[in-house]
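Trainee: Handing you this structure, nothing more for now.
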Amino acid sequence: MTGGVLDPAGVVDALRRQGPFVTLYVAYSGGADSHALLYLLTRYRERLGCDLRAVHVNHNLQPGADSWVEHCRGVARELRIPLTVLDVYPDPDANREARARRARYQALTGLLGAGEAVCTAHHREDQAETVLLRLLRGSGVDGLAAMPASRPLGNGRLLRPLLEVSRDALRRYAAAHGLEHVDDPSNTGVEQDRNYLRNRVLPLLRCRWPAADSTLARYSAAAAEARRLGEDLAVLDGLPSGPQLDCALLWALPGRRRRNLVRAWLRSLALPLPGRERLLQGLDDLLHAEGDRVPEMRWPGGRVRRYRERLHADDGIDPPPLAAPRPWRGEPRLLLPSGVLHARPIIGDGLSRRVVSQGLVVDHRRPGERCRPAGRPRRTLKKLMQEAGIPPWQRDQWPVLRGGGETVAVPGICVCTGFRAEGAEEGVVLRFEPRS
């Protein structure tokens, strides 16, 4: 597809190359663009080679929202396509646009299972708006890469097969096939930033520079290529696969590669990126803090903290405390607010099955609580956690197993004296996976 032209067979082939998929959902709003994509794919459903469905997200923000749902149901029936309706209720405040988008993608994330994908009808003009909007908001190369044609979404994928297709080409396709659609009246306003660009700024740019949309789309493609090169470099520089990053890796790099590695690391964790100035100052604070401090860098949607010589990243939301002790009788997996307790069987080691069968509870450590690990001196749990390298912010959330009023084990750290399996006795090895 070049020059904004719509090639239906090319769209289908592009989707097939992203697969294979068990189920492909079309995000159908009821508007002209998503109706055109839905209709196009129904005509080629056998060529797609997967179960084709539609999904409508009802934001419940417009007076006519329920009538849009009924319109979508009618179109789906006509096309013989199953339709799933997801209701979300974003706050209708000044940030309504961002909140609605966040709620929409959260709902779609929850919908997708392994081997499933959802495709949207974002087109070339949408991409141009995104590039310009992020440019004006001060985004770096990552932001200017704008919307990728494919990215992970929960257990599935998000696909945008029309990014090279013009809005006019889609509208001509819809008109040629007599497709009826609904119009969102909020799209004509100028209160929201994107609508202001769409209805006021870009029309002026197109009058002066008719190729503005394709030029901005090419700029986005160049930025995306630069981002991929940055990710390749980050892999060479030791990009980790989890939520921890060794400070030694950063110390060994010049500033620009250090920041590139941190950005790639945060992207791999699906966290939003901090602005350039925040990253510059935050990294300096993290790496130059005294060894006995626990510095942190925060920004909307993300947080990085340092403990000893490692950085720890998360979404900035602390897990809720355990409301009350939880019974545990040896289940291989127990979900807790702060993470997951894992247990696997073993012979002659770990926590004795005999002790487990008597009934234990999972709780958090108490002030001054002590344990004598098998073969080691008696210590406070705080000291044992410190020796094990548990970061301070996780210690109050780390599970402790108790039975009969006694401390029995601290998962991943120790089994207390008198409770370990020995000889041919059955036991369980405990491991705690903190929420990340």
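Trainee: Nearest-5 percent of antiparallel DSSP beta bridges in the chain?
Mentor: 70
Trainee: Kirkwood hydrodynamic radius, computed over distinct alpha-carbon pairs, for region 242-314: how many Å, to one decimal?
Mentor: 12.1
Trainee: Round to the nearest 10 and give me the degree value, 0 to 90, for the angle of helix 167-176's Cα axis relative to the longest principal axis of the chain.
Mentor: 60
Trainee: Same structure, new question: What 222 nm value per residue comes from the helices of the chain, counting each DSSP H run with n ≥ 4 as -39,500 (n - 2.57) and dividing by all residues, nearest 500 deg cm²/dmol?
Mentor: -11500 deg cm²/dmol
Trainee: I want to verify a result. In a Gaussian network model of the chain, Cα cutoff 10 Å, which of these has the top mean-square fluctuation: Pro161, Pro295, Pro337?
Mentor: Judging by the Gaussian network model, the answer is Pro337.
Trainee: On to the next question. Residue-wise, which Karplus ³J(HN,Hα) couplings in Hz belong to region 296-313, taking 6.51 cos²θ - 1.76 cosθ + 1.60, θ = phi - 60°, and x for glycine or proline?
Mentor: Per-residue couplings from phi come out as 8, 10, 10, 7, x, x, x, 7, 10, 10, 10, 9, 6, 10, 9, 9, 10, 10 Hz.
Trainee: Could you tell me which residue out of Val201, Asn155, Leu136 lies farthest along the dipole of region 97-222 toward its positive end? Charges go on the beta carbon: Lys and Arg +1, Asp and Glu -1, centred on the Cα centre.
Mentor: Working it through, the farthest residue towards the positive pole turns out to be Leu136.
Trainee: Based only on the alpha carbon positions, what is the Kirkwood hydrodynamic radius of the chain, in angstrom?
Mentor: Details: mean 1/r = 0.0394 Å⁻¹.
Taking the inverse mean of 1/r over all distinct Cα pairs, the chain comes out at 25.4 Å.
Trainee: When only C-alpha pairs under 8 Å and at least 6 residues apart count, what is the relative contact order of the chain, in percent?
Mentor: Once divided by the residue count of the chain, the mean separation gives 11 percent.
Trainee: When the dipole is taken about the Cα centre of the chain, and only Lys, Arg (+1) and Asp, Glu (-1) are charged at their Cβ, what size is it in debye, to the nearest 20?
Mentor: 1000
Trainee: Give me, ordered by chain and number, the residues 5 or more places off Tyr307 or on other chains with an amide H under 5 Å from its own placed amide H.
Mentor: His312
Trainee: Separate question: Please state the charge dipole magnitude for region 147-209, taken about the Cα centre, from unit charges on C-beta atoms (+1 on K and R, -1 on D and E), reported in debye and rounded to the nearest 20.
Mentor: With only Lys, Arg, Asp and Glu charged at Cβ, the dipole is about 320 debye.
Trainee: Taking the dipole about the Cα centre of the chain, with the C-beta of Lys and Arg at +1 and of Asp and Glu at -1, give me whichever of Thr109, Gly31, Leu341 is farthest to the positive side.
Mentor: Checked the options; the winner is Leu341.
Trainee: Under the 0.36 nm per residue contour assumption, what length would be gained going from the current alpha-carbon distance of Glu191 and Arg218 to full extension? Please list the in-between numbers first.
Mentor: Values: separation 27, 0.36 × 27 = 9.72 nm, distance 2.80 nm.
Taking 0.36 nm per residue and subtracting the Cα distance, the gain is 6.9 nm.
Trainee: Out of Leu48, Gly350, Leu261, whose Cα points farthest toward the positive end of the dipole of the chain (charges: +1 Lys, Arg; -1 Asp, Glu; placed on Cβ)?
Mentor: Looking along the dipole axis, the top candidate is Gly350.
Trainee: Let me ask you something else. When all C-alpha to C-alpha distances in region 94-229 are sorted into bins of 10 Å, what percent of pairs does each bin hold, rounded to whole numbers?
Mentor: 11, 34, 41, 13, 1
Trainee: Now for a separate question. Which order do the peptides 264-271, 344-351, 251-258 take when ranked by the mean count of other beta-carbon atoms within 10 Å per residue, highest first?
Mentor: The densest-packed peptide leads the list: 264-271, 344-351, 251-258.
Trainee: Continuing with the same structure: For region 8-221, what number results from the quotient of the Cα radius of gyration and 2.2 N^0.38 Å?
Mentor: Normalised Cα radius of gyration, region 8-221: 1.00.
Trainee: If you take all C-alpha pairs in region 220-348, what percent of them are over 21 Å apart?
Mentor: Result: 51 percent of Cα pairs exceed 21 Å.
Trainee: Return one number: the angle in degrees, 0 to 90 and rounded to the nearest 10, between the long axis of the Cα atoms of helix 8-18 and the longest principal axis of the Cα atoms of the chain.
Mentor: 10
Where a number appears in this text, it was derived from the coordinates with a stated rule and is not lab data. Computed from a prediction, not measured in an experiment: that's the story for all the values here. A quick note on method: Cβ atoms are made from the backbone with ideal geometry, for glycine too, and the neighbour counts reach across all protein chains shown.
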